[in-house]
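Read the figures in this text as sums done on the coordinates, not as results from a lab. Just so we're clear, the structure is a prediction, and the values are computed from it rather than from any experiment. Here Cβ is always computed from backbone atoms with ideal geometry, including for glycine, and neighbour counts include all displayed protein chains.
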């Protein structure tokens, strides 16, 4: 047998095919599924680990003749992902829980468990690639399938984590993966991809926040970009950057949410011409290489998972955060979301957006 690898299994087509490929390639494979937090009510379910998904993952593992375990990480998931999600909205931010889950749960709890079992590597069904240079340094590269590339949500991983990671699907497109699933005779070959946040359920994130009563309504002022008071709001969590709906119709022309000031508990709105920022400030930046020699440079930045990379310049600040200056203003740069720098198909690193401005 080859190197021992633990593959994260979800009962979906991607992780199932990843497991099959690793077996084909001669690895000593163990399947592992994470049991996440499911809420306080009896009917609550986490879409990542429903009883049906566990049964499907166990069936796949049996087909490939590999061991399969379910690992309980409910407490860690609740603390690092769910509580983080709730606190961010309390602070007027728009969080990215998938980014946080990858950093702390999949490449935290699961990688740690894999290491305890004596595994050299952890593998997932993400569409991403790792390229090692002559110095054995790992470079995070976009998946071949541009439509499925998931490097945005993986950009918080560190060099030490990537050194022990395999992405079996990085060189494939989705149709090829489904064809392989059919070849393996997997019953999940036609299973649809999950789209929504795994822990909020059908009620959506607003319903989730309301259900758990942790985001209390905190009224505040709505101002225009000149500082004039134009209305009141019932909580920053009711608004997102670029939002038009719910701002009233008495302003004459359409207005949009320009920014959310959590310190003053104020919503700033403006016209379409005033919407958009060309300067982004992040928290301390995670460089995939582990360090970065240049204090400034050029790159492309993605500010949302589905956004198109935009040309920019970046400057490293004294506290290891960075300032990103975009060539053209963007409309949806939102505090709490992730700014990911790319050099063509390579991820340079990422940071959580702290603030934005227009200059």
Neighbour-count ranking for 82, 38 (other C-beta within 10 angstrom, fewest to most) reads 38, 82
If R0 = 30 Å, then residue 320 and residue 35, at their Cβ-Cβ distance, give a FRET efficiency to the nearest 0.05 of 0.30
Rounded to the nearest 10, the angle in degrees between the Cα long axis of helix 174-183 and the longest principal axis of the Cα atoms of the chain comes to 30 degrees
per DSSP, antiparallel bridges as share of beta bridges in the chain, % nearest 5, sits at 70 percent
What helix-only [θ] at 222 nm does the chain give? Using -39500 (n - 2.57) per DSSP H run of at least 4, over all residues, to the nearest 500, the answer is -5500 deg cm²/dmol
Here the gain from full extension of residue 183 to residue 52, 0.36 nm per residue of separation minus their alpha-carbon distance, amounts to 44.9 nm
Footprinting proxy, 180, 357: sorted fewest to most Cβ within 10 Å, the residues are 357, 180
For the pair residue 354 and residue 135, the simple spin-label estimate (label points 7 Å beyond Cα toward Cβ) gives in nm 2.8 nm
Expressed as a whole-number percentage, the relative contact order of the chain with C-alpha contacts under 8 angstrom and at least six residues apart is 16 percent
Placing each pseudo-label 7 Å from Cα in the direction of the beta carbon, residue 79 and residue 176 end up separated by a distance in nanometres of 4.1 nm
Proxy exposure order for 98, 185 (fewest C-beta within 10 Å first) is 185, 98
If the chain between residue 63 and residue 265 were fully extended at 0.36 nm per residue, the gain over the current Cα-Cα distance would be 67.2 nm
Per the C-alpha gyration tensor (a ≥ b ≥ c, the square roots of its eigenvalues), segment 242-359 is rounded if a/c is under 1.5, else prolate if a/b beats b/c, else oblate; here it's prolate
Rounded to the nearest Å, the spacing of the alpha-carbon centers of segment 246-272 and segment 289-359 is 25 Å
Extension length gain for residue 70 and residue 115 (0.36 nm per residue less Cα distance), in nm, is 14.6 nm
The simple spin-label model distance between residue 343 and residue 160, using points 7 Å out along Cα→Cβ, in nm, is 2.4 nm
Quick shape check on segment 92-198: root eigenvalues a ≥ b ≥ c of the Cα gyration tensor, a/c under 1.5 is rounded, otherwise prolate if a/b tops b/c, else oblate, and it reads rounded
